[in-house]
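S.K.: Take a look at this one; I'll ask things after.
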Amino acid sequence: MTIKMRPIALNLLSLAVFAAVWQAGSMAVGSPFFPAPLEIVRAFLRLAASGDTQGTSLWIHSWASLYRVLVGFAAGVLLGVPLGLLMGLYRNVYAATRSVIEPFRFIPPIAWIPLAIIFFSGLPRFAFLIFLGAFFPVFTSTLVGVQRVELVHRKVALVYGASRLYVLTHIVVPTVLPDILAGMRIAMGAAWLTIVAAELAGGTNEGLGRMMLNYSELLKIPEIIVGMILIGLIGFVLNEILLLVERYLFKWRWQVTL
Amino acid sequence: MALAGDIVNAPTPVAASVDSRPKVEVDISHRYGALKVHEGVRFGVQENEFLCIAGPSGCGKTTLLDILCGLLAPSVGQVLIDGERADPKRHNISFVFQEPSTLPWLTVWDNIATGLRIKKQPEAQIDAMVADIIRTVNLTGFERYYPHQISGGMKQRVAIARAFATQADLVLMDEPFVSLDQPTRERMQQEVLDIWQHHKRTIIFVTHNLEEAVFLGDRVIILSAKPASIVADIPIKLQRPRDPLSIEFTALRAHCVRLLQEVHVKGGGAATAP
Ligand SMILES: Nc1ncnc2c1ncn2[C@@H]1O[C@H](COP(=O)(O)OP(=O)(O)O)[C@@H](O)[C@H]1O
Ligand SMILES: [Mg+2]
């Protein structure tokens with residue numbers, strides 16, 4: 001316990017110093033365009049209690065964004081993992097389709113927004129854009145992970161008469177799982193980058209991006225910062241959840257050598 | 001006295017009478033593309049025999065084991081186990097690999113149970129067999145450890161335990177002790193002999209260490225350099241437990257060393273037996 005308390009205390013201290021410097025800077029400048037931390041807190045309480053200008057609460061905005069991210073993210077994982085496994089196991093499929101697949105990776109999801117506006121509306125539009133951001137990190141890390149499967153581990157299973165399916169589920173998947181989880185964490189980051197941009201592009205009344213844009217038009221900086229902080233916090237929490245899953249699943253890597 | 005005098009220099013398998021058909025019959029040639037690895041490697045292995053195979057490094061010992069267990073098809077010829085073509089799905093074969101082969105995401109217990117699980121043994125039976133073999137290889141207390149938490153020697157013991165946990169028709173061991181220090185290696189050799197004496201198995205043990213071969217084997221086969229063929233097939237009729245310092249042991253080992261040296265001197269040309 002004593003070991004874990006130290007970093008927590010230090011992090012709280014860092015936060016306090018950060019807030020103090022912010023407060024000092026704000027007081028020194030003394031302009032409504034540099035609000036103090038306390039004003040952010042007040043804006044947060046206002047938004048949480050009575051919602052925005054249209055009465056839409058902060059939680060509805062947050063949940064709208066989170067839901068879109070989760071749907072697109074799930075689609076990215078559900079397609080990225082099997083395709084990554086398939087192309088990793090059958091390298092010639094990947095080699096033969098590489099020139100089709102790879103260029104897509106370099107089209108940022110944001111560049112798809114104009115097309116997405118034409119073809120989709122509502123949830124499918126956002127889910128599609130998030131999917132584009134989430135798919136490649138998962139797909140690529142799965143593909144690379146399959147190359148890490150050691151021949152001798154396959155042989156261990158095959159020599160006892162294992163089927164191809166057994167090798168896939170008991171040798172390939174356990175080897176690749178850490179890479180998949182790492183890819184999922186990168187994908188989660190990419191998903192948040194995309195959702196804000198997509199919501200800023202319009203087509204919705206809900207979502208943290210939308211809310212921030214509304215307050216931007218009203219020049220209300222504290223409310224915008226509340227949106228930014230929430231996006232950062234939700235992303236952070238999601239990342240921590242994935243890290244916890246990793247730690248639980250990969251005891252065989254994380255445990256300290258005795 | 002039946003010892004060094006029984007040395008035979010020709011690759012004549014022991015089996016002669018009809019009722020003692022060898023457990024394993026090998027007659028293969030193999031090449032990787034243009035690279036000839038084996039040329040007319042032919043021998044038999046009796047049930048419960050401990051056969052050691054020695055040869056210069058790169059002569060195709062690992063490849064031979066891959067062919068023996070049916071993971072690799074030979075370019076020419078075949079391997080028969082109990083008269084049927086070797087097939088990991090049909091025969092009970094286990095393999096201790098040259099490189100570390102414990103599965104890092106499984107505990108010691110689950111690693112050892114792997115073969116039994118693939119063979120779909122009943123859980124109760126798996127538990128009994130794993131518990132038994134863990135006692136034999138002295139891993140009691142480490143059942144729930146992951147491979148990265150135990151030493152290299154212990155990992156190799158896990159791999160050996162896994163190979164002996166199944167009722168294998170044939171156990172293949174590929175230079176299993178190369179990475180171990182001398183005292184550990186000696187202890188492991190003794191452990192393998194103990195397991196072999198308690199749970200009778202047919203073992204093919206590859207090594208390039210002739211002292212190890214003479215210490216362990218009922219018989220030692222010496223391969224030439226690529227393309228490999230059998231240079232000598234030497235029955236080791238020393239009584240067990242063997243004393244590596246005894247005159248008979250030393251003489252037999254020296255004989256093997258000389259044969260292997262000839263192989264090295266003649267290089268690739270030693271394809272034809274003396
Ligand atoms: N999969 C492979 N493809 C091509 N050549 C191989 C392959 N595996 C082994 N070889 C070659 O075959 C020869 C025998 O290899 P190996 O069986 O590993 O020898 P040993 O175990 O006796 O050291 C070596 O020259 C090696 O380079
Ligand atoms: Mg080898």
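S.K.: Taking segment B:89-131, which residues are assigned to a helix (DSSP H, G or I) and without any contact (Cβ under 8 Å) to a residue 24 or more places away in the chain?
M.R.: Hits for segment B:89-131 are B:D110, B:R117, B:I118, B:E123, B:A124, B:Q125, B:I126, B:D127, B:A128, B:A131.
S.K.: Assuming A:L219 fulfils every condition listed in (1) away from chain B (no Cβ under 14 Å); (2) assigned to a helix (DSSP H, G or I) apart from one, which condition is it?
M.R.: (2)
S.K.: So A:W63 fits all but one of (1) farther than 30 Å from A:T142 by Cα; (2) out of contact with any Leu (no Cβ under 8 Å at 6 or more places or on another chain); what number is the exception?
M.R.: Among (1) farther than 30 Å from A:T142 by Cα; (2) out of contact with any Leu (no Cβ under 8 Å at 6 or more places or on another chain), A:W63 violates only (1).
S.K.: Restricted to segment A:244-258, and to residues that are open to solvent by 30 Å² or more (accessible area, probe 1.4 Å) and touching a Leu at 6+ places or on another chain (Cβ under 9 Å), which residue is farthest from the other protein chains (Cβ to nearest Cβ)?
M.R.: Only one residue tops the list, namely A:V245.
S.K.: Condition first: free of Cβ contacts under 8 Å to residues at least 40 places away in the same chain and within 13 Å of ligand 2 (Cβ to nearest atom). Now tell me which residues in segment B:41-66 satisfy that.
M.R.: So the first thing to find is which residues in segment B:41-66 are free of Cβ contacts under 8 Å to residues at least 40 places away in the same chain, and the list is B:44, B:63, B:66.
Selection gives B:T63, B:D66.
S.K.: Another one. I need a count of the residues in segment B:96-105 that are at pLDDT 95 or above and more than 8 Å from every other protein chain (Cβ to nearest Cβ).
M.R.: So the count comes out to 2.
S.K.: If you don't mind, another one. Does B:I93 satisfy the condition of being surrounded by 18 or more Cβ atoms within 10 Å (Cβ to Cβ), within 14 Å of chain A (Cβ to nearest Cβ) and away from ligand 1 (no atom under 16 Å from the Cβ)?
M.R.: For B:I93, the condition - surrounded by 18 or more Cβ atoms within 10 Å (Cβ to Cβ), within 14 Å of chain A (Cβ to nearest Cβ) and away from ligand 1 (no atom under 16 Å from the Cβ) - is met.
S.K.: Still on this structure, I have one more. When segment A:12-62 is examined, which residues are found to be in a loop (DSSP other than H, G, I, E, B) and of a type in the set (A, V, I, L, M)? It would help to see each step written out before you state the result.
M.R.: Looking only at segment A:12-62, we keep the residues that are in a loop (DSSP other than H, G, I, E, B), and these are A:30-36, A:51-57.
Hit for segment A:12-62 is A:A36, nothing else.
For every residue, the table says whether it meets (1) open to solvent by less than 80 Å² (accessible area, probe 1.4 Å); (2) modelled with pLDDT of 95 or more.
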site: A:L38; (1), (2): no, no
site: A:A43; (1), (2): yes, no
site: A:L78; (1), (2): no, yes
site: A:R91; (1), (2): no, no
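S.K.: Among the residues of segment B:36-54, are any over 15 Å from B:F205 (Cα atoms), assigned to a strand (DSSP E or B) and of a type in the set (F, W, Y)?
M.R.: So far as segment B:36-54 goes, no, none of its residues is over 15 Å from B:F205 (Cα atoms), assigned to a strand (DSSP E or B) and of a type in the set (F, W, Y).
S.K.: For segment B:54-62, state whether one or more residues are among the β-branched types (V, I, T), within 14 Å of chain A (Cβ to nearest Cβ), open to solvent by less than 20 Å² (accessible area, probe 1.4 Å) and in contact with a strand residue (DSSP E or B) (Cβ under 6 Å, 6 or more places away or on another chain).
M.R.: no
S.K.: Give segment B:166-179 a look and list any residue that's within 16 Å of ligand 2 (Cβ to nearest atom) and either surrounded by 18 or more Cβ atoms within 10 Å (Cβ to Cβ) or not polar (S, T, N, Q) (or both), or say none.
M.R.: Residues satisfying the conditions are B:L172, B:M173, B:D174, B:E175, B:P176, B:F177, B:V178.
S.K.: Residue under question is A:L177, and the condition is that it be open to solvent by 30 Å² or more (accessible area, probe 1.4 Å), closer than 18 Å to A:F73 by Cα and within 14 Å of another protein chain (Cβ to nearest Cβ); does it hold?
M.R.: yes
S.K.: Same structure, new question: Say whether the condition of being open to solvent by less than 20 Å² (accessible area, probe 1.4 Å), within 12 Å of chain A (Cβ to nearest Cβ) and touching a Leu at 6+ places or on another chain (Cβ under 8 Å) is met by at least one residue in segment B:125-137. Working first, answer last.
M.R.: First pass over segment B:125-137, keeping only residues open to solvent by less than 20 Å² (accessible area, probe 1.4 Å): B:126, B:130, B:133-134, B:137.
Those still in the list that are within 12 Å of chain A (Cβ to nearest Cβ) too: none.
For segment B:125-137, residues open to solvent by less than 20 Å² (accessible area, probe 1.4 Å), within 12 Å of chain A (Cβ to nearest Cβ) and touching a Leu at 6+ places or on another chain (Cβ under 8 Å): absent.
S.K.: Now for a different question. Cβ-Cβ under 7 Å, sequence separation 6+ or interchain: first residue in segment A:217-230 and open to solvent by 20 Å² or more (accessible area, probe 1.4 Å), partner among the aromatic types (F, W, Y). Which pairs?
M.R.: Every condition considered, the pairs that remain are A:I221/A:F33; A:I224/A:Y215.
S.K.: Need a quick list: strands (runs of 3 or more DSSP E) entirely within segment B:144-251 having at least 3 residues that are within 16 Å of ligand 1 (Cβ to nearest atom).
M.R.: Here the list reads B:170-174, B:203-207, B:219-223.
S.K.: Any residue at all in segment B:31-39 that is away from chain A (no Cβ under 14 Å), within 16 Å of ligand 2 (Cβ to nearest atom) and buried (at least 20 other Cβ atoms within 10 Å of the Cβ)?
M.R.: Yes: segment B:31-39 contains one or more residues that are away from chain A (no Cβ under 14 Å), within 16 Å of ligand 2 (Cβ to nearest atom) and buried (at least 20 other Cβ atoms within 10 Å of the Cβ).
S.K.: I'm trying to understand the selection: among the residues of segment B:79-90, which are more than 16 Å from ligand 1 (Cβ to nearest atom) and surrounded by 20 or more Cβ atoms within 10 Å (Cβ to Cβ)?
M.R.: Those that are more than 16 Å from ligand 1 (Cβ to nearest atom) and surrounded by 20 or more Cβ atoms within 10 Å (Cβ to Cβ): B:I81, B:A86, B:P88.
This table checks each residue for (1) among the hydrophobic types (A, V, I, L, M, F, W, C); (2) open to solvent by 50 Å² or more (accessible area, probe 1.4 Å).
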position	(1), (2)
A:G161	no, no
A:V167	yes, no
A:G183	no, no
A:M188	yes, no
A:L193	yes, yes
A:G202	no, no
A:N205	no, yes
A:G235	no, no
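S.K.: Given the criterion open to solvent by less than 20 Å² (accessible area, probe 1.4 Å) and among the small types (G, A, S), identify the matching residue among A:G145, A:G122.
M.R.: After applying the criteria, what remains is A:G145.
S.K.: State whether the residues of segment B:65-75 include one that is assigned to a loop (DSSP other than H, G, I, E, B), touching a Gly at 6+ places or on another chain (Cβ under 9 Å) and more than 10 Å from chain A (Cβ to nearest Cβ). It would help to see each step written out before you state the result.
M.R.: Taking segment B:65-75 and keeping what is assigned to a loop (DSSP other than H, G, I, E, B), we get B:69-75.
Narrowing further to those that are touching a Gly at 6+ places or on another chain (Cβ under 9 Å): none.
Looking for residues that are assigned to a loop (DSSP other than H, G, I, E, B), touching a Gly at 6+ places or on another chain (Cβ under 9 Å) and more than 10 Å from chain A (Cβ to nearest Cβ), one finds none in segment B:65-75, hence no.
S.K.: Yes or no: segment A:49-63 includes at least one residue that is closer than 20 Å to A:T194 by Cβ and open to solvent by less than 30 Å² (accessible area, probe 1.4 Å).
M.R.: yes
S.K.: Which one is farthest from the other protein chains (Cβ to nearest Cβ) among residues in segment A:146-165 that are free of Cβ contacts under 8 Å to residues at least 24 places away in the same chain and charged (D, E, K, R)?
M.R.: Per the criteria, the residue is A:R164.
S.K.: For segment B:19-40, how many residues meet the condition of being under 18 Å from the mean Cα position of the chain (by Cα) and more than 12 Å from B:P74 (Cα to Cα)?
M.R.: Looking only at that region, the number is 4.
The values are calculated or read from the model by the stated rules, or taken from the named source; none is laboratory data. Fair warning: this is a prediction, and the values are worked out from it, not measured in the lab. All Cβ positions, glycine included, derive from the backbone under ideal geometry; neighbour counts span all protein chains shown. Quick note on the areas: whole protein, heavy atoms, side chains included, nothing else; ligands and nucleic acids left out. Shrake-Rupley method; radii C 1.70, N 1.55, O 1.52, S 1.80 Å.
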